[in-house]
Amino acid sequence: MCATIQGDKKVTFKEASIFAMPFGKHKGKPLYQVPLDYMDWLVGKMEEGKQANTRTYKAMVCYLQDPAVSKELDEVLMERRGREEG
């Protein structure tokens, strides 16, 4: 179970993975179809903008905290760093 999204209800990873992105370039796509590095960047921006209490933020954090997704994100970010350094 992940963060509370609405009231006291906790969501599952599966529920978070099908949460539809409500705005931006990936509007309408379920989180599992949104690029992980974009989602990670957006989570950081939402934290900076004090939007960490939104349903979107909580769904993304829940999704990114899954061990398999987290590992994949680490790989994506390492690959990006390698390209930037090379």
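Any idea what the alpha-carbon Rg over 2.2 N^0.38 Å comes to for the chain?
Ratio of Cα Rg to 2.2 N^0.38 Å: 1.10.
Return the FRET efficiency for the residue pair Thr54, Arg83: r is the Cβ-Cβ distance, R0 is 30 Å, and the value is rounded to the nearest 0.05.
E(calc), rounded to 0.05, equals 0.45.
In segment 41-86, what chymotrypsin sites (Phe, Trp or Tyr not before Pro) fall in a loop by DSSP, with at most 11 other Cβ atoms inside 10 Å?
none
With Cβ to Cβ distances under 14 Å as the rule, what net charge do the other residues near Leu77 carry (K, R +1; D, E -1)?
Working: positive: Lys71, Arg80, Arg81, Arg83; negative: Asp37, Asp40, Glu72, Asp74, Glu75, Glu79, Glu84, Glu85.
Taking every other residue near Leu77 into account, the sum is -4.
Can you figure out the FRET efficiency of Gln33 with Glu72, using R₀ = 22 Å and their beta-carbon distance, to the nearest 0.05?
0.95
Quick one: of Lys29/Lys71; Lys25/Lys45; Lys10/Lys58; Lys14/Lys58; Lys10/Lys71; Lys10/Lys50, which pairs are farther than 18 Å apart, Cα to Cα?
Result: Lys29/Lys71; Lys10/Lys71; Lys10/Lys50 exceed 18 Å.
Taking the Cα-to-Cβ direction at Glu47 and at Phe23 and moving 7 Å from each Cα, how far apart do the two end points lie in nm?
Result: 1.9 nm between the two label points.
Placing unit charges on C-beta atoms (Lys and Arg positive, Asp and Glu negative, everything else neutral), compute the dipole magnitude of the chain about its Cα centre in debye, rounded to 20.
With only Lys, Arg, Asp and Glu charged at Cβ, the dipole is about 460 debye.
What residue among Leu64, Val43, Pro30 has its Cα farthest toward the positive end of the dipole of segment 4-85, where the charges are +1 on Lys, Arg and -1 on Asp, Glu, each on the Cβ?
Pro30
Could you work out which residue, out of Ala20, Ala59, Ala68, moves most in a Gaussian network model of the chain, that is, has the largest mean-square fluctuation with Cα springs under 10 Å?
Largest GNM mean-square fluctuation: Ala68.
None of the figures in this text is laboratory data; all of them are computed from the coordinates on show. Given the structure is predicted, the values throughout are model-derived calculations rather than measurements. In this analysis, Cβ positions are derived from the backbone assuming ideal geometry, glycine residues included, and neighbour counts consider all displayed protein chains.
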